[in-house]
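Everything below concerns the one structure shown next.
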Amino acid sequence: MVWQHTTFCSASSKRSGSVSSGASSLKAPERSCVVCRKIFPSSQLLKFTHQNGMLLFGRGGKGRGAHVCPTAGCVSGLHSGRLSRAFKEPVELQEPKLDMLERLLGLARQRIIETLGLARRAGVLEIGTDRVAEKLRECMHRSGAGIAVAASDLAQRSIKQLEDGWIFGTSHELGNWIGVEKAGAVWVPASRFAKTLGFWLELEKAMGIALEKLQNETENKED
């Protein structure tokens, strides 16, 4: 698979501690990141628990857990000392950091694929490079419009049209994930699917950065 990243047009990419105005006046639940200590709506943070020396990651949900920003710096900053303070009990990580980052990267990719399939079954997914390019042009004039995902093996002309979207997988892979033979690009309009997709795309990108940095540091030490 080819995994590349650019920007995407969605309000979910802008993480902020404030809640946008809308029909509901209820304030979204907020939590603090155990690494940077900044406060964000819990829906913008990665939730985790620990078991047998490993961290178990997820998003939202009830029950006990701690939270971390879905960024390379904060996830890489998780260590036993911080975790022990967060959970108010001794926590000893047994899993190497490289393995944890790879596992979290795999989780993010799986959730991206699942969300695309759910959006397709819900009937909100639009398919086709021209259609998605049109949506991206419209998106430049308003926030929170949706998310574009394009295949990595498109022609250069199509890639240029979709340069403000995410590139994720090949056209055959993208098609397979949404139940068609091939798909050059898809569009997920503003919805719970777009918010979920945006979260996992951002995390997948961050884990790729974190892994590359860790691998480079390891190679430099060996040299």
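No value in this document is a laboratory result; all are computed from the given coordinates. Bear in mind that the values here come from a model prediction, so they are computed numbers and not experimental data. Virtual Cβ from ideal backbone geometry, glycine too; neighbours counted across all protein chains shown.
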Exercise. Which of the residue pairs 135/182; 47/135; 97/195; 38/205; 47/160; 38/135 have a Cα-Cα distance greater than 24 Å in the structure shown?
Worked result: 47/135; 97/195; 47/160; 38/135
Exercise. How would you rank 69-78, 198-207, 50-59, highest first, on the average number of other Cβ atoms within 10 Å across their residues?
Worked result: 198-207, 69-78, 50-59
For this session: Quickly work out the residue 38-to-residue 110 label distance, labels modelled 7 Å from Cα along the C-beta direction, and quote it in nm with one decimal.
Result: 2.9 nm
Seminar exercise, completed: One point scatterer per Cα, no solvent, Debye formula: log10 I(q)/I(0) for the range 165-223 at q = 0.16, 0.26, 0.27 Å⁻¹ comes out as -0.67, -1.07, -1.10
Problem set entry | Angstrom value of the Kirkwood radius, inverse mean 1/r, which spans all Cα pairs in the range 57-169 | 17.3 Å
For this session: Please report 171, 152 as a ranked list, fewest other C-beta atoms within 10 angstrom at the top and most at the bottom.
Result: 152, 171
For this session: Using only Cα atoms, figure out Rg for the range 95-223 and give it as a multiple of 2.2 N^0.38 Å.
Result: 1.16
Problem set entry | Under Karplus coefficients 6.51, -1.76 and 1.60, residue-wise ³J(HN,Hα) of the range 116-123 in Hz, glycine/proline x | 4, x, 5, 5, 5, 5, 7, x
